[in-house]
Amino acid sequence: MEKWKRISSKYYYKSPFGNLRCDRVELPNGKVIEEYNVCEYTDWVIIAAVTRDGRVLLERQYRHALGEVMIEVPAGTPEPGEAPAETAARELAEETGYISPHEPVLLGKYATNPARNNNYIWMYLFTDCERTGDTHLDDTEEIELFTASFDEIEKMISSGEIYQQSTVLAVERARRTLGI
């Protein structure tokens with residue numbers, strides 16, 4: 001299958017949170033699309049963190065785009081030059097105060113919305129997590145931390161209480177990886 005050819009690009013908007021780019025592209029069949037919008041975002045990490053007693057760390061956090069408080073697993077974006085696994089360990093400690101004595105397990109690299117977004121989610125599993133410090137939240141973060149068992153989370157997903165897609169995927173991938 002052939003790729004589309006980018007003829008030109010222009011930016012409608014740039015910010016630290018993301019950019020909106022407009023491409024003029026030619027399809028393999030020769031058809032030209034004059035305006036194909038692409039949202040440029042940085043990659044981010046999603047963290048399935050399981051405590052020593054087998055409970056999963058969850059966060060309640062307000063999400064402005066939807067105007068809702070959502071239940072999610074910890075997540076974050078890399079600092080310049082930081083590898084995804086390093087980002088995951090740092091974000092886990094910053095958002096929760098928890099660390100793991102083990103190396104993180106990569107659960108996968110996933111495209112968020114490849115039709116319009118150019119970024120990936122790197123998903124990691126941390127096991128035997130324990131709280132060793134305080135949280136260090138960003139100015140835009142207000143997080144209520146709690147834990148739940150895998151069975152409790154499954155009920156929250158089934159009831160619609162948890163509906164953030166990367167959280168659902170992270171919990172399911174962690175459960176399968178752990179053989180639960």
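The values are calculated or read from the model by the stated rules, or taken from the named source; none is laboratory data. Note that the structure is a prediction, hence the values are computed from the model and not measured. A quick note on method: Cβ atoms are made from the backbone with ideal geometry, for glycine too, and the neighbour counts reach across all protein chains shown.
Using the structure shown, decide if V25 is at pLDDT 95 or above, surrounded by 15 or more Cβ atoms within 10 Å (Cβ to Cβ) and touching a Phe, Trp or Tyr at 6+ places or on another chain (Cβ under 6 Å). Considered against the rule, which asks whether it is at pLDDT 95 or above, surrounded by 15 or more Cβ atoms within 10 Å (Cβ to Cβ) and touching a Phe, Trp or Tyr at 6+ places or on another chain (Cβ under 6 Å), V25 comes out as yes. Considering region 54-89, the residues that are aliphatic (A, V, I, L, M) and assigned to a loop (DSSP other than H, G, I, E, B) include one that is farthest from S166 (Cα to Cα), namely A83. In the set I121, I46, only one residue is under 30 Å from R24 (Cα atoms), buried (at least 17 other Cβ atoms within 10 Å of the Cβ) and at pLDDT 95 or above; that residue is I121. T112 falls short on exactly one of the conditions (1) of a type in the set (S, T, Y); (2) modelled with pLDDT of 95 or more; (3) touching a Phe, Trp or Tyr at 6+ places or on another chain (Cβ under 8 Å), and that condition is (2). Here region 90-122 is the region considered, the condition is being aliphatic (A, V, I, L, M) and assigned to a helix (DSSP H, G or I), and the residue that is farthest from E40 (Cα to Cα) is A93.
When region 10-48 is filtered for residues that are charged (D, E, K, R) and assigned to a strand (DSSP E or B), the ones remaining, listed by number, are K10, K14, R21, D23, R24, E26, E34, E35, E40.
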